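The structure under discussion appears below in the form of structure tokens.
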Amino acid sequence: MAVIGKIRERGMLIATVVFVSLGLFVLGDIWKSNGSSMRADEAIAEIDGQEITAMEFTRRTEEQANLYRENGTTVDNQMQEQIRNSVWQELLKERTLKVQCEKAGFGTSLCKEEYDDIRWGDNIVPEFKGNENFKDPATGGPDKARLKQYFAAIQEKAPVLYDYQKRTFIPNRIYAKYNALAKKACFVNSAQVREEYAAKNTKATFNFVAQRYNAEPDSLYSAGDEDVRRYFDAHRGEKKWLQKAARSFVYVRVNATPNQEDIAASRETVASLKPQFEAAAGSADSLFVMANATTKNGTAAPYSAGTADALNDSLITNAAVGTVVGPYKDGDSWKLVKVKELADVPEARVRHILLNTQGKSDDEAKKIRERADSILAVVKRDKSKFEAMVTQYTEDPGSKSTGGVYEWFDKTRMVPEFTKASFDEKVGNTTICKTTYGYHIVEVLGQRSRSERRVLTVDQKIRPDKAMKDAWKIASAYALNNTDSASFRSNADSAGLVYTPVDELRADQPYVPGLQDPAPVASWVNHAKLGDKPSDPISSGEGYVVALLTGIREEGAPQLADVKEAMTKEVIKEKKGEALVAKFSGKTDLNALATELGGTVQNAADMAFNAMSIPGGFSDPDVIGQLFSLKTGETSLPLKGDQAVYVASMTTLTPAGEMPANGEDPKPLADKVRNRAEGQLFNALKEAANVKDQRSKFF
């Protein structure tokens, strides 16, 4: 959760989160801004027969968005779309998975002890367990005391965030237990194990000639309307051709590149912040960065010489603590840089030998420790042998080529145990330390202190405000003057605009090629009707889009027009296959056939029955099944696959035979089943719930 990191940046005891209750009049404003006239009680989706109203969905979306805003994150259109998708996933789980959890007896809540356990106990939720802000430097794991302090502060000072966490953590814990139970119920039986053994160990060696369909041009084969219609009638109901509801449209985009007026205005805005940034002291300057910067990093970061231009780089590297340099232009942003502190950073240079204990038993680890003690004794007696010992024994590929040497590093780079051996020991000392990797024989080669200049940066991207006004005028004129699809396309080049067709915009995949911020455009397309004029200019990122709806595709079996192009290709491929089968028929001399085709005879050696492709890059599983039906010495009839037509001659077919005792480990097969279980279970529940997602019509 990105929110968690932002909270830590603002301190442990954050200010009270301001959350304004959303009345219907506020919701109305939000919906109007999305170009929708929906009512608060209107259903935007249905899950298992239960409607999800616009009011419920928008309330939850805005609640999450406010949490991000209050912790310094800019909620732009792209972030808003991410939040909506997050809320949608929560609702899907509540209406499907949560129901099953209750039926299975897991309930809807946790006792206090278990809730504490997932926050600061032994089973901390993943969002916090791996969070660097709560890392214990001594152990490398989560700092449980700090976590407990954090959650106490949240409960007292930020009740809205506390309630949100509780509403999220508890269901996720219950879902995890339910999924764990489902995984435990997954197993493979003895027949499946034998089948897996046979598939892996039945081997075939054969020669073959193959001719790919794409080896000759499509233009050599005709596919008339009757051919395509016949194919359409025969195949339209197949799963391959069933389609989801989608819309097609075209658009042109008018980009808004900041002009000199925009650049100057942005500089003035950043310059006006300088006095406040200079005056801010203590943690206030970090909060100032969080409130005003585009890149919200409230932690002072080391400054690398040469980062800024020559003049400002010189000012920064020579400035006193508290000095603010800038504004200066860096790429597409203006920056203010404050020298926060001058720190002395201890560094060490060491060499080491690693004896790996990962995956070893206790007895093996004990022997490795004894070997480490022996190596330590040797290098203590004669340090000149250290490099030879590295070559012979170390299992650290990252330092083997350097004689085991790690060049200068600070206390944040290595794991705690290795850091202690590098910094607490005197130069010249050699010790053993144990880490999660194994036993390290560490010799301290040097220690020093490096001066580090740490800075806070307020950066603001240059906004193309004036350029956006100019872009709107161009886009508006284009929409007024090109009202039909023919002129819309033909006049794009003369207007200096790129014409982009979008063949498929689905409700569950609102991605628009060429647009980083597709939500406003997708919203217009999903509301438009065939025959409508082009859209008014739609703000999308730094520019405007004018769109024109060109088609509406209904869910289910396709119309011929929707799939005519794709089915024409299939008809041509079928005709190529039939022609090649006729050409190959009766030909059993592979060398002669290969010469006729201008190719060579290819070979597959010891190919397993469960292989997914034939050597040479032929992905034709159905043909593989036919090949394994050949007998040793037999030459096949022409085999028509999805990619090519083949003739094969079986050299040797070796059956797997009876599986010996313990011949196949069932665990990998069972693990494969269990690893898929969670996703398959959730998908099955969604399918059974007959989900009707109409969000794209409103957002």
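If only one of TYR231, TYR164, TYR175 is in contact (Cβ under 8 Å) with a residue 24 or more places away in the chain, in the same structural domain as GLU578 (by TED's automatic domain parsing) and part of a helix (DSSP H, G or I), which one is it?
None of the other options fit; the residue is TYR231.
Within the stretch 486-521, how many residues are touching a residue at least 40 places away in the same chain (Cβ under 8 Å) and of a type in the set (Gly, Ala, Ser)?
5
Considering only the stretch 142-161, state which residues are in a helix (DSSP H, G or I) and of a type in the set (Asp, Glu).
Once the filter is applied, which keeps residues that are in a helix (DSSP H, G or I) and of a type in the set (Asp, Glu), the stretch 142-161 yields only GLU156.
Specify which of the listed residues (LEU560, LEU549) is in contact (Cβ under 8 Å) with a residue 60 or more places away in the chain and either in contact with a strand residue (DSSP E or B) (Cβ under 6 Å, 6 or more places away or on another chain) or buried (at least 19 other Cβ atoms within 10 Å of the Cβ) (or both).
The match here is LEU549.
Among (1) assigned to a helix (DSSP H, G or I); (2) of a type in the set (A, V, I, L, M, F, W, C); (3) surrounded by fewer than 15 Cβ atoms within 10 Å (Cβ to Cβ), which single condition is ALA281 missing?
Of (1) assigned to a helix (DSSP H, G or I); (2) of a type in the set (A, V, I, L, M, F, W, C); (3) surrounded by fewer than 15 Cβ atoms within 10 Å (Cβ to Cβ), only one is false for ALA281: (1).
What single numbered condition from (1) of a type outside the set (D, E, K, R); (2) surrounded by 17 or more Cβ atoms within 10 Å (Cβ to Cβ); (3) over 14 Å from ARG247 (Cα atoms) fails to hold for SER485?
Going through (1) of a type outside the set (D, E, K, R); (2) surrounded by 17 or more Cβ atoms within 10 Å (Cβ to Cβ); (3) over 14 Å from ARG247 (Cα atoms) one by one, SER485 breaks only (2).
For the stretch 66-82, how many residues are of a type outside the set (Val, Ile, Thr), modelled with pLDDT of 80 or more and either surrounded by fewer than 19 Cβ atoms within 10 Å (Cβ to Cβ) or out of contact with any Leu (no Cβ under 8 Å at 6 or more places or on another chain) (or both)?
Qualifying residue count for the region: 7.
With the requirement that a residue be under 36 Å from the mean Cα position of the chain (by Cα) and in a loop (DSSP other than H, G, I, E, B), what does the stretch 241-272 give you?
Within the stretch 241-272, LEU242, LYS244, ALA245, ALA256, THR257, PRO258, ASN259 meet the criteria.
Considering (1) under 30 Å from ASP508 (Cβ atoms); (2) part of a helix (DSSP H, G or I), say which one THR108 fails and leave the rest.
Of everything listed in (1) under 30 Å from ASP508 (Cβ atoms); (2) part of a helix (DSSP H, G or I), THR108 misses just condition (2).
For the condition over 30 Å from LEU336 (Cα atoms), of a type in the set (Lys, Arg) and crowded, with 16+ Cβ neighbours inside 10 Å, what is the one hit in LYS529, LYS466, LYS573, LYS473?
Among LYS529, LYS466, LYS573, LYS473, only LYS573 is over 30 Å from LEU336 (Cα atoms), of a type in the set (Lys, Arg) and crowded, with 16+ Cβ neighbours inside 10 Å.
Condition first: more than 30 Å from THR412 (Cα to Cα), in a strand (DSSP E or B) and in contact with a helix residue (DSSP H, G or I) (Cβ under 9 Å, 6 or more places away or on another chain). Can you find one or more residues in the stretch 111-130 that meet it?
The answer is no; no qualifying residue exists.
Can you tell me which condition VAL289 does not meet? The list is (1) under 36 Å from the mean Cα position of the chain (by Cα); (2) of a type in the set (A, V, I, L, M, F, W, C); (3) part of a loop (DSSP other than H, G, I, E, B), and all the others hold.
(3)
Among the residues of the stretch 153-172, are any charged (D, E, K, R) and in contact with a Phe, Trp or Tyr (Cβ under 6 Å, 6 or more places away or on another chain)?
Checked against the condition, which is being charged (D, E, K, R) and in contact with a Phe, Trp or Tyr (Cβ under 6 Å, 6 or more places away or on another chain), the stretch 153-172 yields no hits at all.
Right, LEU630: touching a residue at least 40 places away in the same chain (Cβ under 8 Å), part of a loop (DSSP other than H, G, I, E, B) and either touching an Asp or Glu at 6+ places or on another chain (Cβ under 8 Å) or surrounded by 14 or more Cβ atoms within 10 Å (Cβ to Cβ) (or both) or not?
Yes.
Determine whether the stretch 265-274 contains at least one residue that is surrounded by fewer than 20 Cβ atoms within 10 Å (Cβ to Cβ) and free of Cβ contacts under 8 Å to residues at least 12 places away in the same chain.
So far as the stretch 265-274 goes, yes, one or more of its residues are surrounded by fewer than 20 Cβ atoms within 10 Å (Cβ to Cβ) and free of Cβ contacts under 8 Å to residues at least 12 places away in the same chain.
Among the charged types (D, E, K, R) and not assigned by TED's automatic domain parsing to the domain that holds GLN89: is that true of ARG194 in this structure?
yes
The values are calculated or read from the model by the stated rules, or taken from the named source; none is laboratory data. These numbers come from a predicted model, not from an experiment. Ideal geometry is used to build each Cβ from the backbone, glycine not excepted, and the neighbour counts take in all protein chains shown.
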